[in-house]
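Each remark here refers to the structure printed beneath this line.
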Amino acid sequence: MNVDRIIFLDKRGNTRSAMAKALYEKMFPDSGIEAIARGLVVSFSEPLNQKTEAVMAGNGLGTEGFHSEELSDADITDGTLILAMNAKQRSDAIAWHDEANESNTFVLSEFAGEELEIMDPYGGNLQVYGICLEALGQTIEKLPDRIKEFENE
């Protein structure tokens, strides 16, 4: 599979997936891969979580105009790689979406070769959100090499 889109996926689509999308775009602006953030359960479009927005803005990541969107089958094309924040979200994506499957949907940390999932900062203070952003950055830094390997498998 030739990856041309990455969907970063979390539960509500306005915290970790938004951070991951912004980090990927900042770190790899010329990758040729579109990055988008989606949520599994988005009853109505919401702006960024306030603490997420504060941590992102404080780290020079764009936040303007962001609103959460629910993952849809239309988002998933032949070249789409779905990277969920945890195993439950991965299994839900596969169960709920015909286009998501075992060969295109992974847990972000496992895909990147990390042992631990990216923690959900929800309910924590700004420091916890900052730690989450840092962990995401360290994981996302590994994606270009891992994507090349994946495309050659």
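Observations
- For P(r) over Cα pairs in 10 Å bins from 0, in percent, calculated from these coordinates, the label among (i) 13, 42, 35, 10, 0; (ii) 12, 45, 36, 7, 0; (iii) 10, 30, 23, 19, 14, 5, 0: (ii)
- Around the Cα centre of the chain, unit charges on the Cβ atoms of Lys, Arg, Asp and Glu (plus for the first two, minus for the last two) sum to a dipole of about 540 debye.
- Span-like helix ranges in the chain, DSSP H, alpha carbon extent 15 angstrom or more, Kyte mean at least 0.0: 126-140
- Rounded FRET efficiency, nearest 0.05, which uses the C-beta distance separating Met27 from Asn152 and R0 of 25 Å: 0.70
- The alpha-carbon atoms of the stretch 39-79 define a convex hull whose volume equals 101 cubic angstrom per residue.
- Of all DSSP bridge pairs formed entirely within the chain, close to 0 percent run antiparallel.
- Charge tally in the Cβ shell below 11 Å around Gly13, where Lys, Arg are +1 and Asp, Glu are -1, Gly13 excluded: +1
- Restricting the GluC sites (Glu not before Pro) of the stretch 1-72 to loop positions (DSSP other than H, G, I, E, B) with no more than 12 neighbouring Cβ atoms within 10 Å leaves Glu64.
Readers should treat all values here as calculations from the given coordinates under stated rules, not as data from a laboratory. What you see is a predicted model; the values in this text were computed from it and never measured. Glycine also receives a Cβ, built like all others from the backbone with ideal geometry; neighbour counts cover every protein chain displayed.
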